[in-house]
Amino acid sequence: AATATRAACRAFGRRALSAATSPVPETMSYLRDLRSGSEVYLVGTAHISRKSADEVRSVIRSVKPDVVFVELCRARAEAMRAARSGARDDPAGALPEPLRQLLRSLGAPGDLGEKLLGAGLKAVYQLLRQFHGLDPGLEFKVAMDECDASGARLVLGDRDQDATIRALRDAIDLADVLKLLAGGGAADPAALDPELAALFQNADWRDPARAVETLKTRKATAAMAAAMRAQFPKVARAMLDQRDDVMTERLLEAARERGEKKIVAVVGMAHMDGIEKRWGDAQGDGLGVT
């Protein structure tokens, strides 16, 4: 009976995906809540991919959801809206406040923190946005804009950024930060299967837009997550596992509130495996995931 139910769910999911948008992104999966009948179109993104933003726009316009769920907390959403409207003008080179909080919690002096991360991360952000046409977080901005335009309800599904900063503070020390800056945490091509190793080797970061799209696959994302788990297991729990718990719980709440509905959920691709697993566990016997 369970096998038949699983096959029926998969067939239903394939039909729903085919009807929802054409072509269906490889980075998208279909979830169904067996209790409420609600459908979730889970879109996995790369945060500096214009193609991801285009996919989000296409899926929302095709599905016409009742709810748009995004991997943002209230503080991050408000900051994103303020930056988009021009209401907030951060000084050039300023380090984002969450990173300042993390550095202070690790005991790094303010000036040192700016030198360690400010020059690096902020410069990368500005380089991607200004010179390569990439806008980090653009898919979330697009999701909120499309939600506003369609009249759907917005659900902010991520854990509060302060809670994530506290979790990171408990998970890492300054030596880990330096290790990350020195290149730790990257996937080792020698440890990958040949097909995936070739994918990493062919990513040309002289063209960041193309490199991002080359690596924007479920297999590549899983390999990078595995590398993080191997080198920084506590960081992986704080940044992936704990947030997957929170987002799945909030996604289920949205699905089960006020009857059957359609939901488009926009999350970083690194969270897709965790959300799908937890969703299947909540449905029982791994059901409800296509």
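Results for (1) more than 15 Å from the chain's Cα centre (by Cα); (2) under 14 Å from S29 (Cα atoms); (3) at pLDDT 90 or above, shown as yes or no for each residue.
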position	(1), (2), (3)
A197	yes, no, no
T214	yes, no, no
T217	no, yes, no
M228	yes, no, no
A255	yes, no, yes
K261	yes, no, yes
V267	no, yes, yes
K277	yes, yes, yes
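Pairing each residue of region 226-240 that is under 17 Å from D170 (Cβ atoms) with any residue that is open to solvent by 80 Å² or more (accessible area, probe 1.4 Å) and in a helix (DSSP H, G or I), provided the two are 6+ apart or on different chains, yields C-beta distances under 6 Å for A236/R229.
Could you look through region 141-182, keep only residues that are among the small types (G, A, S) and surrounded by 15 or more Cβ atoms within 10 Å (Cβ to Cβ), and pick out the one that is modelled with the lowest pLDDT?
Within region 141-182, the subset among the small types (G, A, S) is 143, 149-152, 157, 163, 167, 171, 175, 182.
Next cut, surrounded by 15 or more Cβ atoms within 10 Å (Cβ to Cβ) only: 143, 150, 152, 157, 163, 167, 171.
Details: A143: 97, S150: 96, A152: 98, G157: 96, A163: 89, A167: 86, A171: 82.
Applying the filter and picking the extreme gives A171.
The helices (runs of 4 or more DSSP H) found entirely in region 203-290 that carry 3 or more residues being closer than 18 Å to V67 by Cβ are 242-256, 272-283. Applying the selection to region 11-44, what residues are polar (S, T, N, Q) and either at pLDDT 70 or above or touching a Phe, Trp or Tyr at 6+ places or on another chain (Cβ under 6 Å) (or both)? Listed by number, the residues that qualify are T27, S29, S36, S38.
Among the residues in region 51-69, are any under 18 Å from M144 (Cα atoms), modelled with pLDDT of 95 or more, touching a Leu at 6+ places or on another chain (Cβ under 7 Å) and open to solvent by less than 40 Å² (accessible area, probe 1.4 Å)? Looking for residues that are under 18 Å from M144 (Cα atoms), modelled with pLDDT of 95 or more, touching a Leu at 6+ places or on another chain (Cβ under 7 Å) and open to solvent by less than 40 Å² (accessible area, probe 1.4 Å), one finds at least one in region 51-69, hence yes.
The values are calculated or read from the model by the stated rules, or taken from the named source; none is laboratory data. All figures in this text were calculated on a predicted structure; none of them were measured in a lab. FYI the Cβ positions are ideal-geometry reconstructions off the backbone, even for glycines, and counts take in every protein chain you see. Accessible surface areas use protein heavy atoms only, side chains included; no ligands, DNA or RNA. Shrake-Rupley method; radii C 1.70, N 1.55, O 1.52, S 1.80 Å.
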